[in-house]
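Each value in this text was obtained by applying a stated rule to the coordinates, not by laboratory testing. Nothing here was measured: the structure is a model prediction, and the numbers come from that model.
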Ligand code: BMA
């Protein structure tokens, strides 16, 4: 491993590095007394409505990170012309967001920055900057790559793959000296298949050493799967929260579950939830532009308490927040594994 990790302390299953991973202002609400689920929803969901500014049709599948003691994010906003675009937002508490009504523009090589469409962003701090990945229109969907230091100026790098690909999700540190990214090769449409793969890069530009991670499963994930938030490092492996899709007589149903991946060889799956962790069941998850979708793209963690806050798109229309405890999610993934 080229990046030295501080010596971990253990609290249950979670690796703890309180110096860098404490997030005392993480959005949080205790588990309701009548709820035995691993994850529970925020009582004030959805936290972002479909039209926080007049030209927005919907805000969902978005990425949120801690920033300067507060929070920043890159949001998927489809506009009222139904163009899929990225917008920057800021929040003092991770719940109430101010989203810039003008779309995000990347600086860079004009061959690469020429805009077709952009959606489903992820954001992660690695080394010295925030990297942004998203589904980028370049003769079909592929993985766009960029970075920012301040959420004001954004620089775009080369697209990571040839079309068609979706759900590019970086690991939050180099592994064995290389950047590592999950992705989901696909087709140009509403892909009826999809496995999660992993690729390596020395420089965030050239991606190779591709490895298959896992394919579709049963039931809730029987059509296709795709990585969700940035994986969380634990002493039990990388916790990868991912979406799974079932095809019903009324179309796709998007739920999400979790898997544990080997810390040094993260294409090796240690465990994977046979049941989902969350599925569309509230009205705002079942009714919208695309019914029956819960689609996680970001997770915040406060290591000392193990609190996890997951941001997920609801029915391709609004954004919801769900909570859980890291140790509980890891324990459930191990004890309810199909592997
Ligand atoms: C996927 C992506 C997601 C979307 C989902 C459900 O293919 O386009 O952005 O949430 O379909 O429509």
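The table below lists the values:
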| read-out | value |
| --- | --- |
| Relative contact order (%) - the chain, alpha-carbon pairs under 8 angstrom, separation at least six | 19 |
| Percent RCO, i.e. relative contact order, over the stretch 83-158, from Cα pairs under 8 Å lying at least 6 residues apart | 26 |
| Residue among 76, 129, 184 with the largest mean-square fluctuation in a Gaussian network model of the chain, springs linking Cα atoms under 10 Å | 129 |
| Rounded if a/c under 1.5, otherwise prolate or oblate - the stretch 161-293, Cα gyration tensor axes | prolate |
| Shape category assigned to the stretch 120-228 from the gyration tensor of Cα positions, a/c cut at 1.5 | prolate |
| The chain shape via C-alpha gyration tensor axes, a/c threshold 1.5 | rounded |
| Computed [θ] at 222 nm, deg cm²/dmol, the chain (DSSP H ≥ 4; -39,500 (n - 2.57); rounded to nearest 500) | -1500 deg cm²/dmol |
| Relative contact order %, the stretch 236-304, counting alpha carbon pairs below 8 Å whose residues are six or more apart | 29 |
